[in-house]
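Before any comments, here is the structure.
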Amino acid sequence: MSADKSTSWSYTESLHAEDDVLLRARERSHELGVKPVSTGVAATLTVLAAGSKAQTVVEVGAGAGVSGVSLLRGLSTQAVLTTIDVDVDHLRAAREAFSEAGIASNRTRTISGRAANVLPRLTDSAYDMVFIDADKLSYPTYVEQGVRLLKVGGMLIINDALDRDRVSNPANREETTTVLRQVERGIREDERMVSAVTPTGDGLLLAVKHS
């Protein structure tokens, strides 16, 4: 990243001042040892949710509620977010963040369990948006299931798609980086999807199911 691009990245990441709800959720994230989405990603999720007019959203990886609150703030008051996480402490922290944000309890559904086991139980073509921010080595499974869950016109969002700029380095052969490259190539080659990668945070892969 050049000096100018680095400055622009830092500027956009710090552009949005977060309120106490998100700041407390970030504090709980750090206490739990889980990395929350960046400030720039959180703001982008809110904008994407608002622009999509989504009513049904699945989140793979609750963190401590930073991403969930950000999505819910962009969604309509009738929309429902289903959050999946294997760690009950992460889900508890997410619920605390939802409550502090004034989100009605009937707008969220938290499911404890491995996403690889939970996602296949969800209904085909029933969701408007799927956000993935979890174990990267399992991304191929999550993405396959996510595409299945999406309605036509639905959006898939994958966090940390650039893996701290390692994906763009062809010399990097780490397993996680290789998996991300395979996921991105698979989405690009999927005729049902149109996609793009943005450098927000550690990279966001955005894909829409058009058929």
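Quick one: is Gly68 touching a strand residue (DSSP E or B) at 6+ places or on another chain (Cβ under 8 Å) and at positive phi?
When the stated conditions are applied, Gly68 does not pass them.
Contact map, segment 90-114: residues that are modelled with pLDDT of 95 or more paired with residues that are among the β-branched types (Val, Ile, Thr) and exposed (fewer than 14 other Cβ atoms within 10 Å of the Cβ), Cβ distance under 7 Å, separation 6+ or inter-chain. Pairs shown: Ser112/Val88. Just one of the numbered conditions (1) assigned to a strand (DSSP E or B); (2) touching a residue at least 60 places away in the same chain (Cβ under 8 Å); (3) among the hydroxyl-bearing types (Ser, Thr, Tyr) is not true of Thr200: (1). Residues that are under 13 Å from Leu137 (Cα atoms) and either among the aliphatic types (A, V, I, L, M) or touching a His at 6+ places or on another chain (Cβ under 7 Å) (or both) within segment 170-187 comprise Val179, Leu180, Val183, listed in sequence order. With the requirement that a residue be surrounded by 13 or more Cβ atoms within 10 Å (Cβ to Cβ) and modelled with pLDDT of 95 or more, what does segment 198-211 give you? Leu204, Leu205, Leu206, Ala207, Val208, Lys209 - these are the residues of segment 198-211 that are surrounded by 13 or more Cβ atoms within 10 Å (Cβ to Cβ) and modelled with pLDDT of 95 or more. Would you tally the residues in segment 1-49 being exposed (fewer than 11 other Cβ atoms within 10 Å of the Cβ), of a type in the set (D, E, K, R) and modelled with pLDDT under 95? So the answer is 2.
If the condition is being among the hydrophobic types (A, V, I, L, M, F, W, C), touching an Asp or Glu at 6+ places or on another chain (Cβ under 6 Å) and either surrounded by fewer than 24 Cβ atoms within 10 Å (Cβ to Cβ) or farther than 17 Å from Leu119 by Cβ (or both), then segment 50-66 contributes only Ala54. When segment 67-120 is limited to residues that are among the polar types (S, T, N, Q) and within 18 Å of Leu45 (Cβ to Cβ), the one that is surrounded by the fewest Cβ atoms within 10 Å (Cβ to Cβ) turns out to be Thr77.
Among the candidates Tyr142, Tyr127, the residue that is under 26 Å from Ala97 (Cα atoms), buried (at least 20 other Cβ atoms within 10 Å of the Cβ), touching a residue at least 60 places away in the same chain (Cβ under 8 Å) and over 14 Å from the mean Cα position of the chain (by Cα) is uniquely Tyr127. When Val179, Val152, Val147 are checked against the criterion of being in contact (Cβ under 8 Å) with a residue 40 or more places away in the chain, among the aliphatic types (A, V, I, L, M), loosely packed, with under 14 Cβ neighbours inside 10 Å and touching a Lys or Arg at 6+ places or on another chain (Cβ under 8 Å), a single residue qualifies: Val152.
Considering only segment 150-171, I want to know if a residue exists there that is assigned to a helix (DSSP H, G or I), at pLDDT 90 or above and more than 15 Å from the chain's Cα centre (by Cα).
In the first step, residues of segment 150-171 are kept if they are assigned to a helix (DSSP H, G or I); the result is none.
No, because not a single residue in segment 150-171 is assigned to a helix (DSSP H, G or I), at pLDDT 90 or above and more than 15 Å from the chain's Cα centre (by Cα).
The values are calculated or read from the model by the stated rules, or taken from the named source; none is laboratory data. Bear in mind the structure is a predicted one, so any value in this text is a computation, not a measurement. With ideal geometry, Cβ positions are generated from the backbone for all residues, glycine too; neighbour counts draw on all protein chains shown.
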